[in-house]
Amino acid sequence: MSGFEFKWSVVLNSVPTLLGGAELTLIITIGGLLFGFILGTVAGLMKLSGKPVIRPVANCYIEAIRGTPFMVQVMFLYFGVPLALGTRIPPLTAAIVAVAVNAGAYVAEIVRGAVQSIDRGQMEAGRSIGLSHRQAMLYVVWPQAFRRMIPPLGNQFIISLKDTSLLVVIGVGELTRTGQEIVAENFRAFEVWLAVAVIYFVMTYTLSRGLRYVEYRVSASERARSSST
Amino acid sequence: MIEVQDLHKNFGHVEVLRGIDASVAAGEVVVVVGPSGSGKSTFLRCINRLEEVTSGRILIEGQDVRDSRTDINMIRAEVGMVFQQFNLFPHLTALGNVTLGPRKVRGASKAEADDIGRKMLEKVGLGDKIDNYPSQLSGGQQQRVAIARSLALSPKAMLFDEPTSALDPELVGEVLAVMRDLAREGMTMIVVSHEMGFARDVADRVIFMDGGVIVEEGKPSQIFKQPKSARLKDFLRRVIEH
């Protein structure tokens, strides 16, 4: 016997503080993914572009982000970039920017894949009634591609949410950081980290269940819409 | 109205069109026939520049399709196109498919576009299907929506790229009937088709293509009853036998 005794009181006492951290985790994830989606859409469409300079630029961004660890990106952004700029970046801003830049690279691939999966005949039919390339993309291809992006975007959301725990290195008070601070005070690592893990799990599990439902709806409507040819 | 001069088209090293000269007058119905791989679909797709031409000239009402000053989007609105695979927009209803052009290309208001859309769907016999999605329509109905989608822009000419080839045999008639009506109303039409009956009855002129060139052209009676070239005779024999 190690003499270890599980104390529910520790869990109960730390939960309110931890939920505050979880809230920040969600804010960072949602904010990061919102900007990440915009960034990823731009980069994904740039990657589809036939113009000579545009595609390599998008490629460099995507490869650089996918080829380096998130934690290194975070530290570079928070500790490195301010030295070059000469101004500090507030931790929350840095956190959201880091998630956005990171997720953007993965979203770019999701966007590219979804747009490319739409039959070429759709763009042609759009062009044949006189729509410009941009209009055909916006009114014909994009709405169809977006449906197909929903499941992978949901996955990316879950990945990014878990990745925010690495933001502990810049001291933004998200869930992992909050747990670390509580443990530093009461030394109850077992109860606190277990509680932290459960809170992460509840968030990701809820998301993945919600996602499964959305996926089901999307595939049902796809099935209905492509049943007769 | 449509003038094609010495049209060449290569796909990589493969020469698909090897010098096509053709002209289509306003109100004329031209049916293009020929074995598969003869370049007839490519020829059609070059006319509204869905395919980039390698060399040659295409004039539509005197406007050079390849000229950088030509607004290709306006040309395409004036020259409707119907595809073998319909290519309806699956996320839009029949009415949504037909009104997209009027709204975004012609700048019509929603009410105006809906009005045009309803008329066009009625014209192709689908006035009761305006709220249906393409997946809820048969192949023949889908192709008729596709025709209405082009007509909604009030084009001066229509291109049909094997419009009935993807249809079950019993659905071919309803699409051909709509095309016959259009021809009767004086629409300028170029139709790539394997429907010899349609060509015989409706065409003012039949063009026979093989190997990327026009081998023979003339009135349907002449093409079908007195073919001159060996290739056309051979083609007709194979088409009619099977």
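Miscellaneous remarks
- Test for B:Thr42: is it within 14 Å of another protein chain (Cβ to nearest Cβ), open to solvent by less than 60 Å² (accessible area, probe 1.4 Å) and under 17 Å from B:Ser150 (Cα atoms): no
- B:Leu171 vs. criteria within 14 Å of another protein chain (Cβ to nearest Cβ) and modelled with pLDDT under 95: yes
- Here A:Phe35 qualifies as crowded, with 16+ Cβ neighbours inside 10 Å, at pLDDT 95 or above and among the aromatic types (Phe, Trp, Tyr).
- In region B:98-116, the count of residues that are within 13 Å of chain A (Cβ to nearest Cβ) and of a type in the set (S, T, N, Q) is one or more.
- Any hit, region B:215-231, residues being assigned to a strand (DSSP E or B) and in contact with a Gly (Cβ under 9 Å, 6 or more places away or on another chain): yes
- The set of residues in region B:148-191 that are farther than 22 Å from B:Ile60 by Cα, of a type in the set (S, T, N, Q) and surrounded by fewer than 19 Cβ atoms within 10 Å (Cβ to Cβ) contains only B:Ser165.
- Unique residue being of a type in the set (A, V, I, L, M) and open to solvent by less than 20 Å² (accessible area, probe 1.4 Å) when the list is B:Val202, B:Val213, B:Val145: B:Val145
- Search result, residues across region A:127-148 that are free of Cβ contacts under 8 Å to residues at least 24 places away in the same chain and at the interface with chain B (Cβ under 8 Å from one of its Cβ atoms): A:Arg127, A:Ser128, A:Ile129, A:Gly130, A:Leu131, A:Ser132, A:Gln135, A:Tyr139, A:Val140, A:Pro143
- Restricting attention to region A:38-54, the residues being surrounded by fewer than 19 Cβ atoms within 10 Å (Cβ to Cβ) and either within 12 Å of the chain's Cα centre (by Cα) or not in a loop (DSSP other than H, G, I, E, B) (or both) number 5.
- Going through (1) assigned to a helix (DSSP H, G or I); (2) within 30 Å of B:Met74 (Cα to Cα); (3) modelled with pLDDT of 95 or more; (4) over 19 Å from the mean Cα position of the chain (by Cα) one by one, A:Cys60 falls short only on (2).
- Yes/no for A:Gln156 being part of a helix (DSSP H, G or I), closer than 30 Å to A:Met123 by Cα, open to solvent by less than 30 Å² (accessible area, probe 1.4 Å) and free of Cβ contacts under 8 Å to residues at least 60 places away in the same chain: no
- Residue count for region B:87-111 under the criterion of being over 22 Å from B:Asp128 (Cβ atoms), among the hydroxyl-bearing types (Ser, Thr, Tyr) and assigned to a helix (DSSP H, G or I): the result is 0.
The values are calculated or read from the model by the stated rules, or taken from the named source; none is laboratory data. Keep in mind the model is a prediction, meaning the values are calculated, not measured. Cβ: placed from backbone, ideal geometry, glycine included. Neighbour counts: every protein chain shown. Please note that ligands, DNA and RNA were not included when accessible areas were found on the heavy atoms of the full protein model with its side chains. Shrake-Rupley method; radii C 1.70, N 1.55, O 1.52, S 1.80 Å.
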